[in-house]
Amino acid sequence: MRPQSRTVERELARIAGRQHGVVTRAQLLDAGLTIAELKHRLAIGALLREHRGVYRVGHRAASTEARYLAAVLACGRGAVLSGRAAAHLLGLLKGRPPRAEVTTRTERRVPRVVTRRERGAEGRDAIAWCGIPVTTLATTLVDIAAVLDVDTLARACHEAGVRHGTTPAHVDAVLARRSNRKGAAKLRRILHGDVRVTLSGLERRLLDLMRGAGLPLPQTNRPAGGRRVDCRWPDRRLTVELDSYRYHRSRHAWELDRRREREARRRGDEFRRYTRDDVFEDPSTVLAELRPLLSSCPA
């Protein structure tokens, strides 16, 4: 292999390595590949066409990240992954990866990609995640509010808070600029606690225990002191946080738990914390502790 060819190969490997194996025509030419060499690689399968002017290197099946990045690159400068695809990439929605959705600055039509032109799209509404330009967490929640039911949207809001520290204030800032978006009213009701939302089996189990014991039910997943809390009885001045291993296994989560406890005590609440084992394996102890707190007269 000629020295120049080795240099080209190294550059292509470098680009593909940082872009999930996806490269553009412009990048290939800038790396030193000729048009004839590009066509030859396409003919022998060394390059696989994803979209016009966007290729995948090698023969491996495309990952979700590769498909999403290829869609964004095919939509031109300033394009960002958005909608349900962005929510999936950011970990807000579960299940099979949805079809690529891309917000563009100019009108685009790309096969197999849902495109949406956003007039005046601003850089503050985009971040890079896994090396892919994507709408911010708050913007993503505003975008998907129109197409999700209340429970699914509430779970997405919860995931945004737990995984990324997104707060109602972050979303309100986007809604202030996009107040006419479909689903905005629904999203506001969820963010500010006007809808009863139960997000996990652990929370549902605790509520079932409360009902069975004839105890008053809490507000669930509502803001208190700027943060969402799992369960709160404002009239009894009681806050309960439920700890599952999934959301409380990192140092950051541990620190956040301590902060929530301090905030609860500052607002004058009694504070209790229960784990999955407490609620499912030893519910009698949980009820014995909560009953005197909840049976007393409201403050």
Which label in (i) 141; (ii) 161; (iii) 150 gives the computed volume of the Cα convex hull per residue in Å³: (ii)
Between 0 and 90°, nearest 10: helix 168-177 axis offset from the chain longest Cα axis: 60 degrees
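Taking only protein heavy atoms and a 1.4 Å probe, what accessible area per residue, in Å², does the chain have with all protein chains in place? If you can, show how the numbers build up before the last one.
Numbers: 15840 Å² over 299 residues.
About 53 Å² of surface per residue is accessible.
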Within a Gaussian network of the chain (alpha carbon springs, distance under 10 Å), most fluctuating of 186, 39, 94: 39
HN-Hα J in Hz across the range 78-92 - Karplus 6.51, -1.76, 1.60, θ = phi - 60°, x for Gly and Pro: x, 6, 9, 5, 8, x, 5, 5, 5, 4, 5, 4, 7, x, 8
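By the gyration tensor of its Cα atoms, with a ≥ b ≥ c the square roots of the eigenvalues, what is the shape of the range 260-299: rounded for a/c under 1.5, prolate for a/b over b/c, or oblate? Walk me through the intermediate numbers first.
Values: a/c = 4.69, a/b = 1.35, b/c = 3.49.
Oblate, since a/c reaches 1.5 and b/c is not below a/b.
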Estimated dipole of the chain in Debye, rounded to 20 [Cβ of Lys and Arg +1, of Asp and Glu -1, Cα centre]: 1100 debye
Gyration tensor (alpha-carbon) shape descriptor, the range 64-151, a/c threshold 1.5: rounded
Degrees between helix 283-295 axis and first principal axis of the chain (Cα, 0 to 90, nearest 10): 60 degrees
Using a Förster distance of 41 Å, the FRET efficiency for residue 147-residue 46 (Cβ separation, nearest 0.05): 0.55
Positive dipole terminus of the chain, leading residue within 242, 220, 184 (C-beta point charges): 184
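Give the range of the longest stretch in the chain that excludes all GluC sites (Glu not before Pro) found in loop regions by DSSP and having at most 10 other beta-carbon atoms within 10 Å.
Numbers: sites that count: 107, 122.
Longest stretch, sites excluded: 123-299.
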GNM result for the chain, Cα springs below 10 Å: residue of 105, 60, 260 fluctuating most strongly: 60
Sequence-distant residues sharing a close amide H with residue 224 (under 5 Å, placed H): 229
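Per the 1.4 Å probe, what fraction of the accessible area of the chain, in percent, lies on carbon and sulfur atoms?
On the way: 7810 of 15840 Å².
Using a 1.4 Å probe with all protein chains present, the chain comes out at 49 percent carbon and sulfur.
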Environment charge of residue 115, counting only residues whose C-beta is closer than 9 Å and scoring Lys/Arg +1, Asp/Glu -1: +2
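I need the shape label for the range 1-131. Rule: rounded when a/c is under 1.5, else prolate if a/b > b/c, else oblate, with a, b, c from the alpha carbon gyration tensor. All intermediate terms of the calculation are to be shown ahead of the outcome.
Values: a/c = 2.10, a/b = 1.81, b/c = 1.16.
It is prolate, given that a/c is not under 1.5 and a/b is the larger ratio.
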Highest-MSF residue in the chain out of 274, 55, 68 [GNM, Cα springs under 10 Å]: 274
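The values are calculated or read from the model by the stated rules, or taken from the named source; none is laboratory data. Keep in mind that this is a model prediction, so the values were computed, not measured. Virtual Cβ from ideal backbone geometry, glycine too; neighbours counted across all protein chains shown. We work out accessible area using only protein heavy atoms, side chains counted, and drop any ligands, DNA or RNA first. Shrake-Rupley method; radii C 1.70, N 1.55, O 1.52, S 1.80 Å.
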